[in-house]
1. If Val46 passes every condition in (1) hydrophobic (A, V, I, L, M, F, W, C); (2) outside any helix (DSSP H, G or I); (3) over 25 Å from Gln75 (Cβ atoms) but one, which one does it miss?
2. Determine which member of the set Gln114, Gln75 is more than 16 Å from the ligand (Cβ to nearest atom) and under 23 Å from Gly27 (Cβ atoms).
3. Scanning for something under 19 Å from the mean Cα position of the chain (by Cα), in a helix (DSSP H, G or I) and over 26 Å from Tyr48 (Cβ atoms), does region 124-145 turn up at least one residue?
4. Can you confirm whether region 33-41 contains a residue that is more than 16 Å from the ligand (Cβ to nearest atom), without any contact (Cβ under 8 Å) to a residue 12 or more places away in the chain, not aliphatic (A, V, I, L, M) and not in a helix (DSSP H, G or I)?
5. In region 21-32, how many are more than 8 Å from the ligand (Cβ to nearest atom) and in contact (Cβ under 8 Å) with a residue 60 or more places away in the chain?
6. Looking only at region 144-164, count every residue that is surrounded by fewer than 16 Cβ atoms within 10 Å (Cβ to Cβ), modelled with pLDDT under 75 and under 14 Å from Ser132 (Cα atoms) and tell me the total.
7. Scanning region 1-44 for residues that are aliphatic (A, V, I, L, M) and within 21 Å of Gly184 (Cβ to Cβ), which turns out modelled with the highest pLDDT?
8. In contact (Cβ under 8 Å) with a residue 24 or more places away in the chain, assigned to a helix (DSSP H, G or I) and either under 19 Å from Val195 (Cβ atoms) or more than 10 Å from the ligand (Cβ to nearest atom) (or both): does that describe Ile57?
Amino acid sequence: MKEKIYIYRAFERFWHWMQSLLIIFLGLTGFEIHGTISFFGYRNAVAYHNIAAYSFIVLIIFAIFWHFATGEWKQYLPTAKNLKAQINFYLFGIFKNAPHPTKRIVLSKLNPLQKLVYLGLKLLVIPVMVFSGLIYMNYRYPQEGGGVEGLNIGSIEPVALFHTAGAFLLLAFVIVHLYLITTGTTITSNLKAMVTGFEETENNEETERLKETENYNDNKQLSEVTNG
Ligand code: HEM
């Protein structure tokens with residue numbers, strides 16, 4: 001039997017899509033600054049990159065607040081349970097039509113691999129991008145005297161290296177992410193879930209068991225209220 005399960009709340013969907021737009025735009029303008037592509041023109045690329053970067057920082061502040069206010073941060077705590085099963089699924093099971101090893105609900109929306117990767121992005125890659133980017137912004141180029149006052153940085157090179165390496169990591173993430181979007185119950189079910197909040201899945205015993213937990217219903221009501 002098919003049924004719809006609520007997974008992503010309104011703010012989360014807004015945050016996800018804003019974040020994707022900003023990261024893609026920062027990637028485009030950043031790689032123009034780097035000299036890889038040419039689209040807006042160098043000067044515009046720098047100006048747009050700065051505006052997008054400030055917008056990204058504002059979004060991050062709201063997202064951090066949301067994660068702690070709702071307790072959603074706990075979803076990212078890594079777990080070894082089912083980790084191997086999830087890796088095996090993507091490497092082998094998926095090509096043999098095997099069932100997904102983990103089930104998603106609003107209380108447990110991330111599979112063990114996602115927990116690891118998203119935690120790594122949140123704790124490592126994004127902070128590296130923000131801090132190296134901010135240092136980059138405050139660096140006075142040699143023609144202006146060089147260095148970052150107060151930080152004792154005489155050359156921007158190591159900072160640029162971290163910032164560019166992070167940009168390549170994010171690019172790799174986006175490519176893998178786009179592929180994984182298509183690997184849900186149907187080719188578009190993951191995408192639809194991030195647009196509407198609801199995922200259409202096969203109902204089975206595991207879903208029923210999860211739904212019987214008190215928190216699931218509390219959370220569902222809460223999210224319906226917060227979504228208006
Ligand atoms: C809040 C986050 C960010 C800040 C504050 C920031 C800031 C900056 C600044 C100030 C520059 C140097 C511009 C110049 O030379 O005048 C730069 C370069 C660059 N940025 Fe960002 N950025 C951020 C996020 C990102 C993201 C998410 C990406 C990729 C998806 C990215 C990719 C790049 C690239 C590739 C360069 C060129 C690096 C080089 O060639 O040295 N940035 N960024």
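The values are calculated or read from the model by the stated rules, or taken from the named source; none is laboratory data. Quantities reported herein were computed from a predicted structural model and do not represent experimental measurements. Because the Cβ atoms are built from the backbone with ideal geometry, glycine has one as well, and the counts that use them run over all protein chains shown.
1. Every condition holds for Val46 apart from (2).
2. After ruling out the rest, the residue left standing is Gln114.
3. Scanning region 124-145 turns up no residue that is under 19 Å from the mean Cα position of the chain (by Cα), in a helix (DSSP H, G or I) and over 26 Å from Tyr48 (Cβ atoms).
4. Within region 33-41, none of the residues are more than 16 Å from the ligand (Cβ to nearest atom), without any contact (Cβ under 8 Å) to a residue 12 or more places away in the chain, not aliphatic (A, V, I, L, M) and not in a helix (DSSP H, G or I).
5. 0
6. 1
7. Ala10
8. No, not satisfied.
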